Every structure is written in structure tokens, then in C-alpha cells.
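Each remark here refers to the structure printed beneath this line.
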Amino acid sequence: EAGVAQSPRYKIIEKRQSVAFWCNPISGHATLYWYQQILGQGPKLLIQFQNNGVVDDSQLPKDRFSAERLKGVDSTLKIQPAKLEDSAVYLCASSLAVGKRGGSTEAFFGQGTRLTVV
Amino acid sequence: DQQVKQNSPSLSVQEGRISILNCDYTNSMFDYFLWYKKYPAEGPTFLISISSIKDKNEDGRFTVFLNKSAKHLSLHIVPSQPGDSAVYFCAASARHFGNEKLTFGTGTRLTIIP
């Protein structure tokens with residue numbers, strides 16, 4: 001079974017530039033997450049999709065971050081304009097997420113994109 | 001507000017001995033707990049989970065214990081092997097309330113000494 005695919009693996013940009021990350025979840029997984037992991041911290045949820053709808057984006061800095069999941073499969077996360085504090089690893093994860101009381105499963109993570117803003 | 005806490009940033013254990021990683025949480029709505037393992041330059045990998053209706057779950061060398069009254073869980077690895085050297089994250093979710101979102105701790109770096 002193919003895992004969660006992310007690209008690029010690494011990205012270095014100057015502050016105020018824009019950047020986009022791409023994620024292809026595991027086939028059949030309805031739920032997709034974007035996490036931000038700053039060095040020395042645990043992953044923090046930015047946004048959660050169920051199919052192509054947003055379930056939770058309460059911690060997404062919406063003035064500069066945006067995400068979409070067209071057709072309920074692939075997803076892109078964009079930062080515009082980037083700030084120095086956005087330097088982090090951006091992790092995409094997916095899960096089956098059967099339903100509120102169903103046998104939903106653990107999330108599977110991609111390798112992440114390491115973003116450095118200089 | 002750190003709802004999931006891993007107070008030990010690092011832990012060193014002799015090969016063959018037991019490794020015990022601890023995690024505390026503050027949110028009473030959490031009802032599902034997971035441990036993830038992370039190697040450098042890779043994404044976190046699911047290790048083991050436990051529902052709040054249980055107090056223990058075992059999978060091979062890995063056992064997770066949950067103490068709901070203390071809001072504490074621990075991961076036991078026995079015997080510890082060099083390949084277990086990694087960063088371990090504790091995570092929690094409130095699935096009964098329809099929230100799949102994982103809240104992570106800050107991680108514990110485990111080093112197994114040969």
C-alpha cells in the first residue's frame with residue numbers, strides 16, 4: 001500500500017515570498033490533515049479536511065495560510081507571504097475516519113516538507 | 001495551553017532493559033490516545049493506541065498503560081533495542097465527541113545504548 005506522498009521535501013525561500021506544498025493521501029482515506037512541526041515541538045494541526053470539506057481550521061493563520069482539497073483527494077497548502085517564524089516541517093497525514101462513532105483509525109503521515117524562511 | 005505534556009525531553013536506556021516513556025494530559029474530553037515514533041527526516045509512524053475504556057493495550061514489545069484518574073499514560077518497551085532509538089510523541093483525540101484531531105505532546109527522544 002502506497003503511503004502519504006508529499007512534495008517538495010525541502011524548500012528555502014526568502015521572507016515575504018510565497019510557497020506551496022502538495023500532498024497525496026493514501027487511496028480511500030477520507031480525512032486529510034496538515035500539521036506544522038516547529039523544531040523542538042510536537043506537530044500542531046493547521047487544518048483538517050473530510051473529503052473536500054473543511055472540518056477544523058481554527059489554528060490556521062488565515063491571513064497568510066490557505067489550503068484546499070479539490071475533488072477530495074490531493075491537497076495543497078500555501079503560505080503567502082511567508083514569515084521567518086513559518087520555518088518548520090509541514091506534515092500531511094490521512095486517515096480512514098469512518099465516522100463520529102465508527103471505527104476510525106490512526107493517522108498515517110507523509111515524510112514532510114522542511115521549509116526554511118530566510 | 002499545552003493539553004498533552006511529555007515532561008522528559010530525552011531518555012537513555014541500556015539495550016535489553018525496559019524503556020518507560022510518560023505522558024500527561026489535561027483535557028477530560030480526550031478518549032483516545034496514541035503513540036507515534038519518529039526517525040530523523042521521516043514523518044511520525046503510528047506505534048500503538050489505547051481507548052479510554054481500557055487501561056492497558058499490548059502489542060509485542062510495546063505496552064501502553066492508561067490511568068484516567070491521573071490523566072496519565074505511559075509507553076513501555078521491553079526489551080529495548082537499538083532500533084527503538086527515535087523521538088516518541090504522545091497524542092490524544094476526543095473521538096466520542098466526533099473530533100478526530102490529534103493533539104501532540106512535545107516528544108521524548110529515546111536513545112538505546114548498546
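The values are calculated or read from the model by the stated rules, or taken from the named source; none is laboratory data. As the structure is a computational prediction, the values presented were derived from the model and not from experiment. Virtual Cβ from ideal backbone geometry, glycine too; neighbours counted across all protein chains shown. Note: accessible area is taken over every heavy atom of the protein model, side chains too, but ligands, DNA and RNA are not part of it. Shrake-Rupley method; radii C 1.70, N 1.55, O 1.52, S 1.80 Å.
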- prompt: Other chains near B:102-110: what is the mean number of their Cβ atoms within 10 Å of each residue's Cβ?
  reply: 4
- prompt: In a solvent-free Debye calculation with one equal scatterer on each Cα, what is log10 I(q)/I(0) for chain A at q = 0.20 Å⁻¹, listed in the order of the q values?
  reply: -1.06
- prompt: Per-residue accessible area for B:R61 at 1.4 Å probe radius, Å² rounded to 10?
  reply: 50 Å²
query: Averaged over peptide B:30-43, how many Cβ atoms belonging to another chain are found within 10 Å of each residue's Cβ?
result: 3
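Could you please put B:K71, B:K54, B:K37 in sequence from largest to smallest accessible area, using a 1.4 Å probe?
Working: B:K71 60, B:K54 105, B:K37 30 Å².
Largest accessible area first, the list is B:K54, B:K71, B:K37.
Normalised by the residues of chain B, what does the relative contact order come to in percent, with Cα pairs under 8 Å and at least six apart? Don't jump to the answer; show the numbers that get you there.
Numbers: 275 pairs, mean separation 41.9, N = 114.
Relative contact order here is 37 percent.
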statement: region A:5-117 accessible area per residue, 1.4 Å probe, protein heavy atoms, integer Å², reads 49 Å²
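Could you order A:T113, B:T103 by accessible surface area, starting with the largest, using a probe radius of 1.4 Å? Each step should come with its number before you reach the end.
Working: A:T113 0, B:T103 30 Å².
Ranked list, largest accessible area first: B:T103, A:T113.
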- prompt: Taking A:K78 as the anchor, which lysines have their alpha carbon closer than 24 Å to its alpha carbon, excluding any fewer than eight residues away along the same chain?
  reply: A:K11, A:K15, A:K44, A:K62, B:K101
statement: For the protein assembly as shown, percent of DSSP beta bridges that are antiparallel (nearest 5) comes out at 90 percent
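Provide the convex hull volume over Cα atoms per residue for chain B, in Å³.
In chain B, the Cα hull volume divided by residue count equals 99 Å³.
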Relative contact order %, chain A, counting alpha carbon pairs below 8 Å whose residues are six or more apart: 36 percent
task: Give me a single rounded figure for A:36-43: the average over its residues of other chain Cβ atoms within 10 Å of their Cβ.
output: 5
message: With a 1.4 Å probe and all protein chains kept in place, how do B:F46, B:F30 rank by accessible area, largest first?
response: B:F46, B:F30
